[in-house]
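Reviewing the structure listed below.
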Amino acid sequence: MAELRLGPLLRYADGSSATVWVEASRPCTAEVRGAAGAQGTSRTFQIAGHHYALVPVSGLTPGSSEAYEVLLDGTRVWPLPDTPFPPSVIRTPAEGDPAGAPVRLAFGSCRWAAPPAGEKDPVGPDALDTLAARIAADPEGERPDVLVLLGDQVYADETSKATRRWLAARRDLSEPPGDEVADYEEYTRLYYESWLDPEVRWLLSTVPSCMIFDDHDVIDDWNTSAAWLADMRATPWWRERLLSGLMSYWVHQHLGNLPPHELAADPLYAAVRELPDGTDLLRSFVCEADADPPTRHPTTAPQRRRCAPDPSGFRWSYRRDFGRVRLLMVDTRAARVLDEGARSMLHPGEARWLREQALDARGSYDHLLIGTSLPWLLPHLVHDAEAWNAALCRGERGERWARFGEDLRRRADLEHWAAFPESFDALAELIAEVGSGAQAPATVCVLSGDVHHAYVAEPTWPAGEGPDARVFQLTCSPVHNAIHLAIRLGFRFGWSAVARRLGRRFAGHGGCPVPPIDWRRTGGPWFGNQLMTLTLRGRSARLRLEQAQEVRGGGARLRTVAESELSP
């Protein structure tokens, strides 16, 4: 009999359809059955000895909340027996609501798996666990319409004590990569550890989710530079780590990001499902992705990574629409161009895609959200230090400074948007274009994580050049992690007037031009395990930051730390 190994995860939901992801213990037919008649089935597909299904669910009613169960070969496997949680439900938005139903979008990044129940948590309460407990206590109350996870869903290079013990029983940890994960099977262990957490498992079964990778999903500072990549490719374990990371991401995260119509048109997904075992095909695909070097100059690069069964191209970025809210999730890791003479956060094909999606049917959305794991606007000192470092590394001050710059870049993690100056400027230009004119949205918000604290920043353009829309950098991290005191103090100092003057000295040494925009911090910094929630209704936008905090007598709760109107 087939058993449920992982899931279910409710990934996509619109007014009439949804997708539910599961992993089973053996080949079988997965079925989702709603209490009011919604239904869907799918055969599992096999990758590396594991069996997965992404079940398309149809027959949902707009504006409804329908409990569902999961069956494998006709046997009910979800809800679990004796579960303390309410039924998992699929909530669908109302269609054509003249009042404009609100869209609530919760987001954050960087989540270490919580320790088993009864063990002390060294980094404090998990914000996702705490959110799950609040929703479970009041199932009919407020909940996010979608959960946006902006990277570092798993940590391939920072494993827990339990995972290290499991790895040690499997192989010799004195051999590289030591207590980091090495292959696909070890990646599955990370997802089990993270997503079998009872609270998170239930939360992901009842709140739709969008995900994108960041560096720790593969390795810290993934694709920092061409020199970094050359060094990694020279190590004997790197290729297997990268391929396994991309394969496991495709299976566990990427497929569920796509709407049903895009899934139906995806040639790789169709080909994998047709085979008794899709491992070799998926591996061939990610091999080809790795063989399309991000170091290649844009003028000589091919269109994009190409899928073996269909040369139509492929990208990890994607678009989701929630009524009159548009979310563009952007790959800022695998899509980079790393040549020092032509560094770019986004490959030309990726940049074109972002521009096309942002400008498509202008006037059809009231809010544009750009999800990028790495913040666009950083504290001024950090921004100028990264721009200065990029100038050194491309040789503006000579070979000796270039060597120093590369070493500093790796040690200090200087690889955000500011370290790709032309890309930083291009994003500012695109946001100004999208946000201007009669069809401009009310807000353009850049959603980010990565930096293990939260803040709000607002850019300004020179007089006469700025957009009509309100523009915000909304950074929220971590969901469940820690930050060293020195880094915390550094980020606080980085926003100060003294730090700004110091930063301009760095920029002057590198010959860096003044950025085309200015910006100021209007909220934060906040430190702790936290989530931000955007509530968007019509052309209004409201932001709430909540932190997970322990309560006397045990347990935890989400406490509102800040709340503000972004657009009235």
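The values are calculated or read from the model by the stated rules, or taken from the named source; none is laboratory data. As the structure is a prediction and not an experimental result, all values here were calculated from the model. Note that we place each Cβ from the backbone using ideal geometry, even for glycine, and neighbour counts take in every protein chain shown. SASA here: full protein model, heavy atoms, side chains in, ligands and nucleic acids out. Shrake-Rupley method; radii C 1.70, N 1.55, O 1.52, S 1.80 Å.
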Having 1 or more residues that are modelled with pLDDT of 95 or more and either polar (S, T, N, Q) or under 19 Å from G371 (Cα atoms) (or both) is the bar; report the helices (runs of 4 or more DSSP H) wholly within segment 254-350 that clear it. 279-291
When the residues of segment 490-548 are filtered to those that are surrounded by fewer than 17 Cβ atoms within 10 Å (Cβ to Cβ) and among the polar types (S, T, N, Q), which remaining residue is nearest to R326 (Cα to Cα)? T522
I'd like to check something: does segment 111-126 contain any residue that is at pLDDT 95 or above, within 15 Å of V207 (Cα to Cα) and of a type outside the set (D, E)? no
Count - residues of segment 146-164 that are in a loop (DSSP other than H, G, I, E, B) and either at pLDDT below 95 or out of contact with any Gly (no Cβ under 8 Å at 6 or more places or on another chain) (or both): 7
Looking at P86, P56, P27, can you tell me which residue is at pLDDT 95 or above, more than 18 Å from P260 (Cβ to Cβ) and in contact with a Pro (Cβ under 6 Å, 6 or more places away or on another chain)? P86
Answer yes or no as to whether L354 is at negative phi, assigned to a loop (DSSP other than H, G, I, E, B) and open to solvent by less than 50 Å² (accessible area, probe 1.4 Å). no
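Matching residues to (1) part of a loop (DSSP other than H, G, I, E, B); (2) in contact (Cβ under 8 Å) with a residue 24 or more places away in the chain; (3) over 30 Å from V434 (Cα atoms):
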residue: A463; (1), (2), (3): yes, no, no
residue: G466; (1), (2), (3): yes, yes, no
residue: L474; (1), (2), (3): no, yes, no
residue: S477; (1), (2), (3): yes, yes, no
residue: I483; (1), (2), (3): yes, yes, yes
residue: A486; (1), (2), (3): no, no, yes
residue: F493; (1), (2), (3): no, yes, yes
residue: V498; (1), (2), (3): no, no, yes
Answer with yes or no whether L173 is closer than 24 Å to I212 by Cα, of a type in the set (A, V, I, L, M) and open to solvent by 10 Å² or more (accessible area, probe 1.4 Å). no
So for segment 135-145 (the condition being within 24 Å of the chain's Cα centre (by Cα) and either in a helix (DSSP H, G or I) or basic (K, R) (or both)), does at least one residue qualify? yes
If a residue must be out of contact with any Phe, Trp or Tyr (no Cβ under 9 Å at 6 or more places or on another chain), in a loop (DSSP other than H, G, I, E, B) and on the phi < 0 side of the Ramachandran plot, how many such residues does segment 433-457 contain? 6
Take the residues in segment 63-77 that are part of a strand (DSSP E or B) and among the charged types (D, E, K, R); name whichever of them is most open to solvent (accessible area, probe 1.4 Å). R76
Can you list residue pairs whose Cβ atoms sit under 7 Å apart, with the first residue in segment 222-235 being over 14 Å from V337 (Cβ atoms) and the second being open to solvent by less than 30 Å² (accessible area, probe 1.4 Å) and polar (S, T, N, Q)? Count only pairs 6 or more apart in sequence or on different chains. none
List pairs: first residue in segment 190-211 and farther than 12 Å from A136 by Cβ and among the polar types (S, T, N, Q), second residue open to solvent by 10 Å² or more (accessible area, probe 1.4 Å) and not in a helix (DSSP H, G or I) anywhere in the structure, Cβ distance under 8 angstrom, at least six positions apart or on different chains. S194/R111; S194/A113; S194/Q153; S209/L149
Within segment 388-414, considering residues that are open to solvent by 90 Å² or more (accessible area, probe 1.4 Å) and without any contact (Cβ under 8 Å) to a residue 12 or more places away in the chain, the one nearest to D220 (Cα to Cα): R411
Does D220 meet the test of being touching an Asp or Glu at 6+ places or on another chain (Cβ under 6 Å), over 24 Å from Y269 (Cα atoms) and modelled with pLDDT of 95 or more? yes
Specify the residue that is farthest from T206 (Cα to Cα); the eligible residues are those in segment 130-160 that are of a type in the set (D, E, K, R) and open to solvent by less than 30 Å² (accessible area, probe 1.4 Å). D157
Kindly indicate whether P478 is of a type outside the set (K, R), surrounded by fewer than 19 Cβ atoms within 10 Å (Cβ to Cβ) and within 30 Å of Y365 (Cβ to Cβ). no
Could you look through segment 185-238, keep only residues that are open to solvent by 10 Å² or more (accessible area, probe 1.4 Å) and of a type in the set (S, T, Y), and pick out the one that is nearest to T163 (Cα to Cα)? Y192
Please find, within segment 28-62, the residue that is farthest from the chain's Cα centre (by Cα) out of those that are assigned to a loop (DSSP other than H, G, I, E, B) and under 19 Å from A2 (Cβ atoms). C28
What do you reckon, is L80 surrounded by fewer than 23 Cβ atoms within 10 Å (Cβ to Cβ), hydrophobic (A, V, I, L, M, F, W, C) and under 30 Å from Y187 (Cβ atoms)? yes
Do you know which residues across segment 1-57 are charged (D, E, K, R), open to solvent by less than 20 Å² (accessible area, probe 1.4 Å) and touching a helix residue (DSSP H, G or I) at 6+ places or on another chain (Cβ under 8 Å)? R11
Residues of segment 370-383 classified as within 21 Å of D217 (Cβ to Cβ) and either surrounded by fewer than 24 Cβ atoms within 10 Å (Cβ to Cβ) or not small (G, A, S) (or both), total: 5
Given the residues R557, R520, which is the only one that is under 26 Å from A113 (Cβ atoms), among the basic types (K, R), in a strand (DSSP E or B) and touching a residue at least 40 places away in the same chain (Cβ under 8 Å)? R557
Residues satisfying the stated conditions in segment 261-272, i.e. surrounded by fewer than 17 Cβ atoms within 10 Å (Cβ to Cβ), out of contact with any Asp or Glu (no Cβ under 6 Å at 6 or more places or on another chain) and in contact (Cβ under 8 Å) with a residue 40 or more places away in the chain: E262
